Amino acid sequence: MIICEFENGGKGKLRHVSAKALTVNSRGEVLLIKRAPNLLRGGKYDMPGGFLDRDENTKGCVLRELFEETGIRGKVQFLLRINDNPQRPKEDRQNVEFIYVVNAEGEDFKTDKETSEAGWFSENAIPLEEDFAFDHRDSIFKYFQHLKHPLELPIIG
C-alpha cells in the first residue's frame, strides 16, 4: 500500500500497480529469475517485472523490467491476466498486477542488482510453489492451460 495525498488534502492508502513478463522462448520454455538476496523473499523464483514508473504504461513497464533484470528484449504477445485479488498469498502491498506473455528476442540473459540467477524452464520443470516469492506459479500454469485449451483472456483475478 502507498499513502497518497489528494487534491482536497485528504490522504488514503492505495494499491500498487505492477507488471510481470511471462517470457517464452522458441522452445516454449518460460524464463524465471531468482530474486537477489537483499530483496524481499530473496533467493525465491519470480517472473521478471516490477512497479510502473510515472508516465509509463503497463506494456512499457514489462518490457523495461524484463530488459533491466535479464538483458533480454521481448515483444508483448498478449495480456494473460490482471491479478487484482486483494487477498493474494505472499503479498504485503496488495499489488494489482498485469501479466503479459512476452516472446523473447534472444535467450542469453544476464543478472542485475535485483536478480541473482535466471533460467529457462519447461512446463514439467517449473519449481514448486514454496520456491516462488509470490503467487506467479499459478499464472504460469494458467498460461500452459491456455495453450492446450484456450481460456477467455485476460483472466481477471
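The values are calculated or read from the model by the stated rules, or taken from the named source; none is laboratory data. Since we're looking at a predicted model, the values are computed, not measured. Virtual Cβ from ideal backbone geometry, glycine too; neighbours counted across all protein chains shown.
Residue-wise test of (1) surrounded by fewer than 16 Cβ atoms within 10 Å (Cβ to Cβ); (2) assigned to a helix (DSSP H, G or I); (3) of a type in the set (D, E, K, R).
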site: Glu97; (1), (2), (3): no, no, yes
site: Tyr100; (1), (2), (3): no, no, no
site: Ala104; (1), (2), (3): no, no, no
site: Glu107; (1), (2), (3): yes, no, yes
site: Lys110; (1), (2), (3): yes, no, yes
site: Ala118; (1), (2), (3): no, no, no
site: Glu130; (1), (2), (3): yes, yes, yes
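Looking only at residues of region 36-80 that are at pLDDT 95 or above and basic (Lys, Arg), we find that the one that is nearest to Lys110 (Cα to Cα) is Arg73. Checking the structure you have, find out if any residue of region 133-146 is of a type in the set (Asp, Glu) and not in a helix (DSSP H, G or I). Scanning region 133-146 turns up at least one residue that is of a type in the set (Asp, Glu) and not in a helix (DSSP H, G or I). Within region 92-109, the only residue that satisfies the criterion of being modelled with pLDDT under 65 and either among the acidic types (Asp, Glu) or within 14 Å of Ser139 (Cβ to Cβ) (or both) is Asp92.
With respect to the conditions (1) loosely packed, with under 13 Cβ neighbours inside 10 Å; (2) under 26 Å from Leu153 (Cβ atoms); (3) at pLDDT below 85; (4) of a type in the set (Asp, Glu), Glu5 falls short on a single one, namely (2).
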